[in-house]
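S.K.: Next up is a structure, given as structure tokens.
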Amino acid sequence: MTNELIKRADFLHELLNAVPSLLLIVDSDVRIHHANAAAMRELGSGNGAVLMRRGGEVLHCVHASEAPGGCGAAMACRECVLRNSVVETMKEQRICRVCTKLDLVTGDGATPVYFTVTTSPLAYGGNPYVLLVIENITDLKRSEEALRAGEARLRNITSMLGEGVYVVDRDGRLTFMNPEAEKLLGWKEAELLGKNVHDLIHAGKTAGSALSASDCVVLKTASTGAAYRAEEEFFIRKDGARFPAALVSTPLREDGKIAGAVAVFRDTTELTRAAAEWKHLNELLERRATTDALTGVCNRLKFSELLDQAVREVRRYNHPLSLIMFDIDHFKVINDQAGHQAGDCVLRELARLVRENVRAADVFARWGGEEFMILSPHTGLEETRQLAEKLQALIESSRFHGRHRVTCSFGITQCTEQDTVESFTDRADRAMYRAKAGGRNRVEVVDAEP
């Protein structure tokens, strides 16, 4: 029995010594009655030097080191973490646990360290004791401090950026947001930390669409590690308003593994508006450069360009291509009798009537003065003649500027593989003047010479 008890005692002794934390048995005055091997190594003392010494002579808090006096005698001892923990555990007979910064006093001097202090009530031989467990968390605290310092530097740097930055983990939960992102989105970082923010802030490809999580480039980056760039995404402000943004999403890695994604975005509202205005201006300039100012139909410069292209295609592919040239009969009479403003109204109304009655594929242009051209691709002479006769009848039966009766003379021809733009238009011109010579208000056709 005795040998068994000795074995058990030796086993418990070895077990306590194997514990990496500092284990000390103290009384109400923080006198150390027992210390395990880790405690003696940490304190730099042998068992004989540690036992029955006041705890403050070996371990004391930062506050106690700032004032003279022994353990328990200094004014600062009233705030001593070790002493107060021991006293409270003795009094309340309950376990206490606190984290604190202490000075570790050894023969080499005092070294500031971080400890977790746990006190548990203990009774032995009818006397009260406290089991004092001290865990050195200095490395952990220093890592936390370095992390906080790094985060502070990151916040300081990103606060100066003119772009919004937010970070999500692999599950899409927000872990960081810089001040510019808060400004752009209307959310405070504290409101979104730990939340899956996709549905709250990321709208999609257009102002009115909803973007599924599977199509979100930020979440794709967080799951796959691939980087994405999107020139136009839409984000949602806290008030529900949406705005266009350029977005770059890059993976966040820790220890070589994907830990999330970093999204950098900027509001492109002004840029989008400027681009739209620039596009509108270009379109306006294009229209002015290619459209007749009075009638709104294609001008001679643009028509000549299209005509040249069409003739070259006939040479290459031998597609049918027909041309109608017409002008208003006796137009000078209208100008002389009713004035040029009335003549301009007639030109505008006649151009609108013709434009509404030609095919979408036809090119209708003002050639000059009261002369007009209609280029009909993939159209033979007979079909073109029918179109000209239809237009002739419509014009004759209409009244322009409220009262003016107008007729037109039409000339038609078809392009051949041997034609140039000049020869093609000259035949149309001859056909039109043949119509005028034949009494006006008629349609004439001139075939290419064999």
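S.K.: In whole Hz, with x marking every Gly and Pro, tabulate ³J(HN,Hα) for segment 187-195 from phi via Karplus 6.51 cos²θ - 1.76 cosθ + 1.60, θ = phi - 60°.
M.R.: Each residue of segment 187-195 in turn: 9, 8, 4, 4, 6, 10, 3, x, 9 Hz.
S.K.: Run the simple label-point estimate for HIS330 and ARG287 please: 7 Å along Cα→C-beta, distance reported in nm.
M.R.: Label at HIS330, label at ARG287, 3.7 nm between them.
S.K.: If the convex hull of the alpha-carbon atoms of segment 160-271 is projected onto planes in all directions, what is the mean projected area in square nanometres?
M.R.: 6.7
S.K.: Here is a further query. In sequence order, what are the phi-derived ³J(HN,Hα) couplings for segment 282-296 according to the Karplus relation 6.51 cos²θ - 1.76 cosθ + 1.60 with θ = phi - 60°, rounded to whole Hz, with x for glycine and proline?
M.R.: Those phi angles translate into 4, 5, 5, 5, 5, 5, 5, 6, 10, 10, 5, 5, 7, 9, x Hz.
S.K.: Moving on to the next point. Sort segment 272-335 into rounded, prolate or oblate with this rule: let a ≥ b ≥ c be the square roots of the eigenvalues of the Cα gyration tensor; rounded if a/c is under 1.5, and if a/c is not under 1.5, prolate when a/b is larger than b/c, oblate otherwise.
M.R.: It comes out oblate by the Cα gyration axes.
S.K.: Sort TYR124, TYR129, TYR433, TYR166 by Cβ crowding within 10 Å, fewest neighbours at the top.
M.R.: With the sparsest Cβ surroundings first, the list reads TYR124, TYR433, TYR129, TYR166.
S.K.: If you place +1 on the Cβ of every Lys and Arg, -1 on the Cβ of every Asp and Glu, and leave all else neutral, what size is the dipole of segment 160-271 about its Cα centre, to the nearest 20 Debye?
M.R.: For this selection, approximately 180 debye.
S.K.: Separate question: Taking the dipole about the Cα centre of segment 160-271, with the C-beta of Lys and Arg at +1 and of Asp and Glu at -1, give me whichever of GLY256, ALA203, THR269 is farthest to the positive side.
M.R.: GLY256
S.K.: Once you put a point 7 Å from the Cα of ARG170 and another 7 Å from the Cα of GLN309, both along the Cβ direction, what distance in nm separates them?
M.R.: A separation of 5.5 nm, rounded to one decimal place.
No value in this document is a laboratory result; all are computed from the given coordinates. For clarity, every value in this text was computed on a predicted model and none was experimentally measured. Backbone-built Cβ (ideal geometry, glycine too); neighbour counts: all protein chains shown.
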